[in-house]
Amino acid sequence: MFKLIRYLRPFIGSVILIFSLLFVQAMTDLELPEYMSRIVNVGIQQGGVESAIPKAIRKSQLDKLQLLMNQENAGLVADYYQLLDKTKLSPDDYQRLVADYPLLATETIYELRDPDAGMPDALELALIKAQAMLTAISKGAAGTGSPLGNLPAGTDVFAVLAKMTAEQRQQMLDNAGKQMSGLSDSMLRQSATAAVLSEYEALGMNTASIQNWYVLRTGGLMLLIALLGVICSVTVGLLAARVAAGVSRNLRRAVFTHVENFSNAEFDTFSTASLITRSTNDIQQIQMTLVMLMRILFYAPILGAGGILKVIQNDLSMGWIIAVAVAALMTLIIILFTVAIPRFKLIQKMIDRLNLVTREILSGLMVIRAFNTQKHQESKFDDANKDLTRVNLFVSRIMVVLMPTMMLIMNGVTLLIVWVGAHQVDNGTMQVGDIMAFMQYTMQIIFSFLMVSMVFIMLPRASVSGQRIAEVLAVAPKICDPAVPRHFDKGVQGLIEFKNVSFRYPNAEDDVLCNISFKALPGQTTAFIGSTGCGKSTLVNLIPRFYDITAGEILIGGTNIREVTQKDLRQQIGYVPQKGILFTGDIKSNISYGKDDATGPEIEEAAKVAQALDFIEASENGFGTMIAQGGANVSGGQKQRLSIARALLKKPAIYIFDDTFSALDYKTDAALRKALRQYTEDATVLIVAQRIGTIMHAEQIIVLDDGRIVGVGTHHELLATCPVYQEIASSQLSEEELAL
């Protein structure tokens, strides 16, 4: 499949854009659990209070906090807070501040100097520790739960603290710090922000508004991030579909163009059914896989690795759960793929087989009916169909197991996270929002493995398809145009000369034609006759280079046909094959197939010479009568006559009729030959025939036997000199006809 990567080059810009958008999408998906965690932890549990640094605080409360700090931290707090002195405030400022802090009307308050400026981490850390000790003191009062130890009931703790020396207070703070060392930073922060919320309530602030604003603001950011992710996802889907469709289009074009250049030797390598499968089903597999690769293969690793990094950054205490989930997933995927992948390689070959059987049956339907072998063919088709169905069902059943097992692992991991996380929340080492975020990151990691596994399911089959297409493209046509082509001498049109020509089919041991030499002159008819399999059709197929000769030379107008382009060569030839081939369309388009600019009178004249005008005019739509696929709605004789008309309209220098009169009755045959002699009087006419009556008036008759020329001459000359011709003539003509 990697051999086909070059077909992505025209779309490299789109591919880079896809990867960029996937990176943005992965980043947005990784951010959403963090915002959800903030809404739960901060918006709900902390009432929308983001920081442990209060915007405003009562003087009494700040004094208590400073008593629970060392001298350095107390000084730091004093630097960042200013006293709101009622006597120094303007009436407008006072009214604004009272609206913000209603308690200011009755109590002294400190306000943060510049709330919008960045606060140092040291300030927040000092306030967090002080708030934690203050909370512990408030809960334990003067009893055993107090960081100060056992004090008599009713003792004013802060009065005691105020009377302590700096050294005594520092020792007390160190002891208290050791007692709180078991609490996590997140729990300390949550406790501190809860104290800040209580302080805001004490100040009379609208805490509901604070909470609502935080939830709405964070939720709005979540929606914007999610919207950005959706836009990236939709754009990636569109671009990936366009790129994959474009690559498939180019691949189909490349395969079709390449196959068009095949000679008959290359067509013998690949069956028609196989080429059709490779051009359709195989390329479709590559297209589907390309879409999956571009949408998932780059996105899933970013999502999985990003989720693991987020978990490591936030909390490692439950990281082992992810390790267990990943190990279970990898074990499942490896087991399933080991069983399924070999079957994928069989499916495409079985599709080839089914197409081949179907094509044979449909093409030979009349013969099948004539011999009453429908049951045998049904059994043959049924065997191929059942083989393909059995393998497909086996693979599908294995893949069906994958999704439920994945969901079982995901749900089990979810329960495990809730179980372990609930204990950690109960112990005060984790917050609810962190558990929810961890759960989402775990799901993202598992989904990334699931998405990669889905790609790997399709990849083996696409790889087989890519290899099959590469096999076709890798076949170099044996018949190629020369690097520096010559041109035919326009003064010598239609003169054909075979010089010691021999031909052997590819991989055959013996020559089909041996040492063939003759000349076919313009204005004359050269006919070929002989027993079945003697090489007549093979000989005339060498002239348009459907095969290349093994030895010798073929000259047209004195120019070796290997020294001109195939287009120029075939432009000189009007070819009518043994089996008349018609194309879907009307009669007019079939006759004018080799000459697009043909006029109506020219088409009518060609049809008249080919003895086709009578049945054309008898049809309801005349030349507009539609031809079904393969000419199924016309008889064999009509098909041959239309094929002859197509060649005549081209008016080439050389006509090749490869047993094209076999389906005609004697009357039509005679009329056609008479009309042909007048129409092609200046051209070289080559006729392959089985009936002597068709060729007995030819200027030159060449008799073939077992790939060799055994007689050359006119009808009467051969009757006198060629035993093989005599034998053929005696089997077809009466004694009176032989005597003439």
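The values are calculated or read from the model by the stated rules, or taken from the named source; none is laboratory data. Everything numeric here is computed off the predicted structure, so don't read it as measured data. All Cβ positions, glycine included, derive from the backbone under ideal geometry; neighbour counts span all protein chains shown. Please note that ligands, DNA and RNA were not included when accessible areas were found on the heavy atoms of the full protein model with its side chains. Shrake-Rupley method; radii C 1.70, N 1.55, O 1.52, S 1.80 Å.
The overall shape of region 490-551 is prolate: from the C-alpha gyration tensor, with semi-axes ordered a ≥ b ≥ c, the ratio a/c is 1.5 or greater and a/b exceeds b/c. For Asn372 and Gln71, the difference between the fully extended length at 0.36 nm per residue and the C-alpha to C-alpha distance is 97.5 nm. For region 184-227 and region 250-303, compute the distance between their C-alpha centroids and round to whole Å. Using only Cα atoms to place each centre, the spacing works out to 57 Å. When Leu89, Leu718, Leu415 are compared by accessible area of protein heavy atoms, the largest-first order is Leu415, Leu89, Leu718, using a 1.4 Å probe.
Entry note, the chain: relative contact order of 14 percent, from Cα contacts under 8 Å with a spacing of 6+ residues. Per-residue extension of 0.36 nm, minus the Cα-Cα distance of Ala159 and Asn264, leaves a gain of 27.0 nm for this segment.
From the convex hull of the Cα coordinates of region 397-513, what is the mean projected area in square nanometres? For region 397-513, the mean projected area of the Cα convex hull comes to 17.8 nm².
Only Cα sites of region 599-740 enter the Debye sum here, all with the same form factor; the resulting log10 I(q)/I(0) across q = 0.10, 0.14, 0.16 1/Å is -0.40, -0.73, -0.90, listed in q order. Of the Cα atoms belonging to the chain, the radius of gyration and Dmax stand at 45.9, 151 Å. Placing a label point 7 Å from the Cα of Val425 along the Cα-to-Cβ direction, the residues of region 29-55 whose backbone N falls under 16 Å from that point are 36-47. Over the chain, what percent of the accessible surface lies on carbon and sulfur atoms, probe 1.4 Å? With neighbouring chains kept in place, the figure for the chain is 57 percent. The calculated P(r) of region 255-303, using every Cα pair and 5 Å bins from 0, goes 5, 17, 20, 15, 11, 10, 8, 7, 5, 2, 0 in percent. The value given for region 316-384 is a Kirkwood hydrodynamic radius of 16.0 Å, derived from the mean inverse Cα-Cα separation. The C-alpha atoms of region 438-478 occupy a region whose extents along the principal axes are 63, 11, 5 Å, arranged from largest to smallest. Largest accessible area first, the listed residues Lys667, Lys674 line up as Lys667, Lys674 when surface is computed with a 1.4 Å probe on the assembled protein chains.
Taking all C-alpha pairs of region 236-357, those more than 26 Å from each other amount to 48 percent.
Each of Ser517 and Arg359 was given a label point 7 Å from its Cα along the Cα-to-Cβ line. The distance between the two points is 4.2 nm. Against the empirical 2.2 N^0.38 Å (N residues), region 209-266 has a Cα radius of gyration ratio of 2.42. Summarised as an ellipsoid, region 677-733 has semi-axes of 21, 13, 10 Å, derived from the eigenvalues of the Cα gyration tensor scaled by 5 and square-rooted, with the largest first. Given R₀ = 45 Å, FRET efficiency for Phe19-Ser662 by Cβ-Cβ distance, to 0.05? Approximately 0.15, to the nearest 0.05. Put a plus charge on the Cβ of each Lys and Arg, a minus charge on the Cβ of each Asp and Glu, and nothing anywhere else: the dipole of region 200-280 about its Cα centre is then about 160 debye. The loop-placed GluC sites (Glu not before Pro) in region 597-674, going by DSSP, that have at most 14 neighbouring Cβ atoms within 10 Å of their Cβ come out as Glu620.
Looking at the square roots a ≥ b ≥ c of the eigenvalues of the Cα gyration tensor of region 189-231, which shape do they give, rounded for a/c under 1.5, prolate if a/b is larger than b/c, or oblate? Note, shape of region 189-231 comes out oblate.
Summed over the residues of the chain and divided among them, the accessible surface reaches 51 Å² per residue at a probe radius of 1.4 Å. How big is D, in µm² s⁻¹, for region 1-43 by Stokes-Einstein at 25 °C and 0.890 mPa s if Rh is the Kirkwood radius over C-alpha pairs? Result for D is 188 µm²/s. For the chain, what is the percent of antiparallel DSSP beta bridges, rounded to the nearest 5? So the antiparallel bridges in the chain amount to around 60 percent. Each stretch of four or more DSSP H residues adds -39500 (n - 2.57); spread over every residue of the chain, this sum gives -19500 deg cm²/dmol at 222 nm.
Legend: helices of the chain (whole DSSP H runs) are marked when their alpha-carbon atoms reach 30 angstrom or more along the helix axis and their mean Kyte-Doolittle hydropathy is at least 0.0; marked are 12-38, 207-260, 319-363, 374-426, 432-474. Shape analysis of region 360-408 yields a ratio of the Cα radius of gyration to the Kirkwood radius, Rg/Rh, of 1.37. Between Ser271 and Val230, the simple label model (points 7 Å from Cα in the Cβ direction) yields a spacing of 5.1 nm.
Residue separation of Lys567 and Arg708 scaled by 0.36 nm, minus their Cα-Cα distance, works out to 47.8 nm of gained length.
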